[in-house]
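Right, one structure below, let's go through it.
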Amino acid sequence: MEKGDVVAATVLAGLGIFIIRQSIQLNYMSEYGPGPGFLPLWLGVGLIALSLPLVYFAIRTPRKSDLEKASWRSRGRALAAWLGFMVAIVLLKSLGFILSFTLLTLFLVLAMDRRSPLTAVSVAVGGALGFYLIFALSLGVSLPVSPWGF
Amino acid sequence: MKLKTTLLAVGTVLLWWVSVITGSAAEFQPTKPIEVVVHTAAGGGSDLFARAIADMMQKENIMAQRMQVQNKSGGSGATAMAYLAEKKGETHTIGFYTSVWIATPLTMAEAKFMLQDLTLIARLVLEPSVAAVKADSPYKNMKDFIEAAKKNPGQLKQSGGSITSSDNLARLLIQKATGAQWTFISFPSGGERLSNLLGGHTQIMLMQPAEAGEQIKAGNMRVIGAITDHRLPLFPDVPTLKEQGLDIPILPQARGAVAPPGVSREIVEYWEGAFGRLVKTASWKKYLAENHLEDGFLKGRELKEFTDQYTNRKRVILQEAGAKVVR
Amino acid sequence: MEALNNLLLGFSVALTPGNLFWCFIGVFLGTVIGVLPGLGPPATIAMLLPLTLKMDPTTAIIMLAGIYYGAKYGGSTTSILLNVPGESASVVTCLDGYQMARKGRAGPALGIAAISSFIAGTIGVVALMLISPPVARFALRFAPPEHFALMALGLTMVVYLAGKSMIKGLLSTLVGLWLATMGIDLFTAEARFTFGRTEMLDGIDFIVVSIGIFAVAEVLVNMESQGGTELFKVPKGLRNLLPTLQDLKDCRFAFLNGSIVGFFIGVLPGAGSTVSSFISYGIEKAFSRHPEKFGTGVIEGVAAPEGANNADTSGSLVPLLTLGIPGSNTTAILLAALILWGFRPGPLLIQENPQLFWGLVASMYIGNVMLLILNLPLVPLFAQILRLPYYALYPAILGISIVGVYTVSNSIFDVWMLGFFGLLGYVMRKLEFPPAPLILGMVLGDGMERALRQSLMMSQGQLSILFTRPISAVLLSLGLIILLMPLVSKVRTWRMKAIGQEAL
């Protein structure tokens, strides 16, 4: 069976239940027609209704070729990259955009792609400089700044 | 000879020193660009208002530093107010508020700050509104419209903003006073409200005189009532609601300036002075005339009284209208 | 004949050195901000307003309009090369444009985007010039029921965006519709799904979701494997960097489709250019001989939406100039600008100021030509971006995404949302849930629900209003037909198979 789809269907059904619970607290009907709770309620119902056939088909479909091991490794890499991205976002407030971006680039090039430190640093610095010149200086776009002013 | 010179020198130095001390203690001067927070996106009413003022401040040499507009749109003012509230004590930030900043916290629990939580500086303008109908409609004055609404309850429709907006509140007050009943349809943008009126899908709309003026000149619309205390110079023949027998509380749309909480007295005085000078200039008068606004300069205690009174009256009106009031 | 005389007057105004210069500045600036995600025409025009006070108003509006339609040219660049929508209307271009780039056809994609923008833009200006008043009057007949029908029609496009699994497509759409409900309800001022946060009061910004789901997710997917140095093959030689004659032939219908759909939807106040690009894409796919290829890199899939979002700008100028009604954010600022310069926008604007209107119209012809000349040679240049090693490109894409999102409302919360939707987009890709229906749901959900409730307010609760009004009835029937068309073709295929088997 297609495990991924079953998980997705379960999550979506759960979302549907959540949405229905929230919508009940809103007015279903107002003066002349649907109130704010109307559409979300039916969206929730729709989500639950459609996750059922999804589960059904997922159970019925034979699994594709066995790439389990390899695919978990690759998914791990993607998740690591995502975590790096999120850390960069956390650092935006304290370090500012330029520095966070530099760190993110270093992480992606060095840790994820295993390039040489020289490559990593040159890409990171080059990129950060590019962003600084184009966005901060020429366009005057306001970006989060570090305590050191850039 | 030497003694005299020395005394003179010392005296001058003392004088200079004293003036510097007292001067710097009593006077605030901006040393970097001022951040001006507005609650609309670029191009919205408050945004353009702020840019116009920034421009006039430069032109009339009232301020040496630039004013930079910071758009913090969202939540009908809640985001802008939250942003200002978080900038406690910040000396180079101000915001331009509208009546929405007073109304929003009353009905929205997520809006965590009220206008009174910020430092009031001055009220600058009042924006009256008028009731307008399509030119070929049978309503020549408010009475006609109300009669028609009474005959066909719920059939007539008004284009307006959200149900807590002043257009709807005015409608609810008139309905209560006269027993007439007509439907209110919310449209998020002024363009849609107008196009629905001109297309004949709705019958009445409350709008600013400036907007109405152009459509009237083109012969598309007619103003049947002025929602103000006195007749408007743009429409001298249009009677006010009161003159037409509708004695309802009028809460005009007001615009003014605020600063973050916790700023010093000097800063408030600086701004009161700057705006005080601005409203006397020719550019300002021209701006008011072109945009059909009324001068509403108010500061200090009177401003606080106005704001509190407005808040309380709005709260009462909202409650009467059946809206959910959370503060 | 009168139009021709007026047009000559217009050209005499537009062809002065000053106006030509500022027209160029406008379209150039527009292209630049179109290329950069996040920065859009409304903010730029608002920022330049004080500058324009010192200029002649006709010159000023020539420049500002140049920024407006120029941005639509630039928006496709990052969509095609990096899967980063440069502008909300360019989201649809990502679908096939980026796939074309992956196949090594970035050049033709960029080229056809420019060419289609030019053709549709010009047709739009012609329409603006000739049929503005009657079209504007027709547009006034659009009330909430018609808006609902139009949005519903747009939603049926999901049928064409779903790809393999209709169930997953529908689920995506539902999630998109749910995202659209977040925020304060316009009618009752109640907050929906805001999780108690002030930042959520206005809902989630569409550009945050689209950049997250398209650009960031794409990077994450590619991060799965350590790859080679070059991102995609960039074919050498000018011939491979521009659309071929065959390409141009294939796009004949798309050019027309984009122009008409874009212009008419642009005229309607409140319907954005994203809607017109989606509908144009859907129509293109519906009438295509190879609909199943859409989404894999079909050139018409780039030509149609790109044309639509350009014709849309001309369309949105119609209500502004003929009635003084702004139909979109940008036209609202242009309206304010006109008032600032002392004009009185309204039905009398064209009559009282012919040199303004006709000067503008003539300058738009010239501007479109300038943009074509500007953009086409830039195609090989931009395509070279793809030569960058991918380990340099991916961080750059992430950086651009952050900047693009942050410039929308200077909110770190939005950047957090970007990260979240990036992950969501990645998960959706892995689980084969199509992203386009989610985006479509989000774009339309708001407007559709609002239009339905407004309609019911108008009719006092009678749903029949949607069917008794002629225009909305027509649009809804069209929607029904579009929904049923795949079924019809399936039946036809089934019947052909049956006949074929009988014959054996």
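Rule-based calculations on the coordinates, nothing more; no lab input. Predicted, not measured: the structure shown is a model, and the values here were computed from it. Quick reminder, even Gly has a Cβ in these numbers, built from the backbone with ideal geometry, and neighbours come from all protein chains shown.
Of note:
- Links that overshoot a 19 Å alpha carbon limit, given the list B:LYS286/C:LYS54; B:LYS157/B:LYS217; A:LYS93/B:LYS112: B:LYS157/B:LYS217; A:LYS93/B:LYS112
- Sequence-separation-based contact order of region B:129-227, relative, with Cα cut under 8 Å and 6+ spacing, percent: 49
- Ordered by the count of other Cβ atoms within 10 Å of each Cβ, fewest first, A:PHE38, C:PHE413, A:PHE131, A:PHE97 give C:PHE413, A:PHE38, A:PHE131, A:PHE97.
- Neighbourhood charge, 14 Å Cβ-Cβ cut-off, centred on C:SER116 and excluding it, Lys, Arg +1 and Asp, Glu -1: -4
- Anisotropy class of region B:196-287 from Cα gyration tensor, a/c 1.5 cut: prolate
- Positive-end extreme of charge dipole, the protein assembly as shown - chosen from B:GLY245, B:GLN116, C:ILE204 (charges on Cβ): C:ILE204
- Under the span-like rule (Cα at least 24 Å along the axis, Kyte-Doolittle mean at least -0.5), DSSP H helices of chain C: C:17-35, C:57-82, C:106-140, C:300-323, C:354-383, C:390-409, C:412-430, C:435-458, C:470-503
- Once the Cα atoms are used to define both axes, helix B:166-178 deviates from the longest principal axis of chain B by about 50 degrees.
- Panel order for C:ILE499, A:ILE98, C:ILE482, C:ILE299, by other beta carbons found within 10 Å of each beta carbon, from fewest to most: C:ILE499, C:ILE482, A:ILE98, C:ILE299.
- Note on region C:76-104 and region C:281-336: Cα centroid distance 15 Å, given to the nearest whole angstrom.
- If only the Cβ of Lys and Arg carry +1 and only the Cβ of Asp and Glu carry -1, the dipole of chain C around its Cα centre is close to 1100 debye.
- Qualifying lysines (Cα of each under 26 Å from Cα of C:LYS293; at least 8 residues distant if same chain): A:LYS64, C:LYS72, C:LYS103, C:LYS164, C:LYS168, C:LYS233, C:LYS236, C:LYS249, C:LYS285, C:LYS430, C:LYS490, C:LYS497
- Over all directions, the projected convex hull of the C-alpha atoms in chain B averages 19.5 nm² in area.
- Over region B:129-227, volume per residue of the alpha carbon convex hull, in Å³: 84
- When you restrict to C-alpha pairs under 8 Å that are six or more residues apart and normalise by the size of region A:70-138, the relative contact order lands at 28 percent.
- Legend: ranking of residues C:THR93, C:THR296, C:THR188, C:THR493 from fewest to most surrounding C-beta atoms inside 10 Å; resulting order C:THR493, C:THR296, C:THR188, C:THR93.
- Solvent-free Debye calculation, one equal scatterer per alpha-carbon of chain C: log10 I(q)/I(0) at 0.07, 0.12, 0.13 Å⁻¹ equals -0.37, -1.11, -1.30.
- Working from the Cα coordinates of region A:70-138, the gyration tensor eigenvalues give, after taking √(5λ), semi-axes of 24, 15, 9 Å in decreasing order.
- Convex hull volume per residue in cubic angstrom - Cα atoms of region C:1-152: 147
- Each other residue within a Cβ distance under 9 Å of B:VAL279 adds +1 if Lys or Arg and -1 if Asp or Glu, for a net charge of +2.
- Size of charge dipole - chain B - debye, nearest 20, with Cβ of Lys, Arg +1 and Asp, Glu -1, no other charges: 220
- Taking amide H as placed 1.01 Å from N in the peptide plane, the amide H of C:GLY324 sits under 5 Å from that of C:GLY346, each at least 5 places away or on another chain.
- Placing +1 on the Cβ of every Lys and Arg and -1 on the Cβ of every Asp and Glu, with nothing else charged, gives chain A a dipole about its Cα centre of roughly 500 debye.
- Taking every alpha-carbon pair under 8 Å whose residues sit at least 6 apart, chain B reaches a relative contact order of 25 percent.
- Scattering profile of the protein assembly as shown at q = 0.04, 0.09, 0.10 Å⁻¹ [log10 I(q)/I(0), Debye over alpha-carbon scatterers]: -0.20, -1.03, -1.28
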